[in-house]
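Below you'll find the structure, written out as structure tokens, and then a few comments.
None of the figures in this text is laboratory data; all of them are computed from the coordinates on show. Just so it is clear, the structure is predicted and the values come from calculations on it, not from any experiment. Note: ideal-geometry Cβ built from the backbone for every residue, glycine included; neighbour counts use all protein chains shown.
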Amino acid sequence: MEFNSTDNFFSTTSAVASVPTSAQEASEVIQRIQSQISQVFIGQNHVVEQILCALLAGGHVLLEGVPGLGKTLLAKALAQACACHSSRIQFTPDLMPADVTGHMFYDMKAAEFVVRRGPVFTNLMLADEINRAPAKTQAALLEVMQEGQVTIEGETAQLTPPFLVIATQNPIEQDGTYALPEAQLDRFLLHVMFDYPTEAEERELVSASTFERVGDRLEVDKIEPVASPEVIIALQKITASIQVDDSVLDYALRIVRATRNWPGISTGAGPRGGIALIRTARASAILAGRDFVTPDDVKQQAIPTLRHRIALSPDAEIEGLTEEHILNRLLEQIEAPRR
């Protein structure tokens with residue numbers, strides 16, 4: 001059932017929410033986070049929703065779009081609204097794995113080896129232009145993204161949850177880039193395409209960004225923290241407990257399994273694709289203010305969840321088809337449960 005209660009569980013003395021204990025309270029928290037982000041990030045609502053879905057589901061996001069669309073601003077705004085520690089890594093061809101995870105060095109004063117932690121020791125990490133780093137450096141993120149831990153010189157350190165990686169890549173400029181390995185792509189819960197804003201959104205954006213502003217620094221000072229790391233962890237636990245009917249689960253599995261023998265797809269999604277689809281569908285239900293998953297939640301999340309988990313056949317590529325085209329055709333053919 002949809003939430004229609006007007007009860008307010010937020011503290012009257014602080015903008016930061018109390019730790020939610022129900023799906024309804026979780027929905028209210030996420031709406032306040034979204035409202036704060038909208039103060040500095042104009043338009044692109046579908047992108048914001050996908051980022052929040054990843055946050056709720058405890059997954060990572062690959063953002064793909066041309067430079068200047070606000071990917072960095074979005075990451076900073078989310079971290080500010082959630083009162084989470086954030087870091088940014090500019091991936092370059094000479095970036096080394098130790099620059100990401102950290103390294104051990106000898107402290108002359110203490111006369112011992114100590115670990116200098118890298119920028120992955122954070123809550124929200126922006127991996128900017130991740131495909132500019134070689135495979136060896138990209139592989140340094142595999143353990144971090146999958147296990148939430150870092151191993152340095154044989155010593156393993158756990159990251160403090162919540163932990164979210166928002167990685168970006170430019171779809172146009174491919175000189176000096178390295179394709180992300182399949183294993184790396186599969187660690188991303190969602191692959192979100194960042195498009196140009198509408199004319200009305202761009203007008204509002206330009207007006208807000210130039211009025212009484214000198215330079216083009218990304219400012220998120222007006223965003224009030226309305227959550228905390230503890231609140232985010234509670235949101236993720238509530239999301240994981242959202243009810244999924246067997247018919248909806250079967251629908252999601254039929255979509256994933258259909259990618260393995262669908263015309264135009266040479267390699268379909270593996271079992272992790274089905275797991276990711278249900279996780280993001282649960283998060284979509286929270287965003288919609290429901291405590292149960294519908295077939296529409298599954299259908300809405302299918303493309304961003306599966307587009308990076310399939311490979312097109314040579315014939316489909318010659319025809320100029322994209323993963324989105326193929327998946328849309330597939331979704332049209334897979335019948336959704338009616339109740």
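Tell me the net charge near T72. Cut-off is 10 Å between Cβ atoms, T72 excluded, with +1 for each Lys or Arg and -1 for each Asp or Glu.
My count for the surroundings of T72 gives +2.
Which helices, taking whole DSSP H runs in the chain, have alpha carbons extending 24 angstrom or more along the helix axis plus mean Kyte-Doolittle at least -1.0?
Counting only whole DSSP H runs, the qualifying helices are 271-287.
What number comes out for the charge environment of S38, summing +1 per Lys or Arg and -1 per Asp or Glu over other residues with Cβ under 13 Å away?
Overall, the nearby charge balance is -2.
Quick one: order T280, T137 by neighbouring beta-carbon count within 10 Å, fewest to most.
Going from sparsest to densest Cβ surroundings: T137, T280.
Over the chain, what relative contact order in percent results from Cα pairs under 8 Å that are six or more residues apart?
Reported as a whole number, the value is 24 percent.
Taking amide H atoms as placed 1.01 Å from N in the peptide plane, list the residues 5 or more away in sequence, or in a different chain, whose amide H sits under 5 Å from that of T267.
Residues meeting the criterion, in which the H sits 1.01 Å from N, are A311.
What label, among (1) 1.03; (2) 1.19; (3) 0.97, belongs to Cα Rg over 2.2 N^0.38 Å computed from the structure on display?
(1)
Express in whole angstrom the spacing between the alpha-carbon centres of region 270-329 and region 141-164.
Taking the Cα centre of each part, region 270-329 and region 141-164 sit 27 Å apart.
Please work out the Cα center distance from region 235-249 to region 101-136, rounded to the nearest Å.
If we compute the Cα centre of each part, the gap is 36 Å.
Check each of the GluC sites (Glu not before Pro) in region 279-339 and keep only those in coil by DSSP with at most 10 other C-beta atoms within 10 angstrom; list them in order.
Hits after loop and neighbour filter: E335.
Students often forget the sequence filter, so: which lysines lie under 29 Å Cα-Cα from K71 once same-chain residues fewer than 8 apart are removed?
The qualifying lysines are K136, K222, K237, K299.
Report the local net charge at A98: Lys and Arg +1, Asp and Glu -1, summed over other residues whose C-beta lies under 15 Å from its C-beta.
Around A98, the surrounding residues sum to -2.
Please list, in chain and number order, the residues 5+ apart from R88 or on another chain whose amide H is under 5 Å from its amide H, with Hs placed from the backbone.
When sequence neighbours closer than 5 places are left aside, the close amide H contacts are L126.
Can you sort M96, M145 by how many other beta carbons sit within 10 Å, fewest first?
M96, M145
What is the fewest-to-most order of F41, F211 by other Cβ atoms lying within 10 Å of their Cβ?
F211, F41
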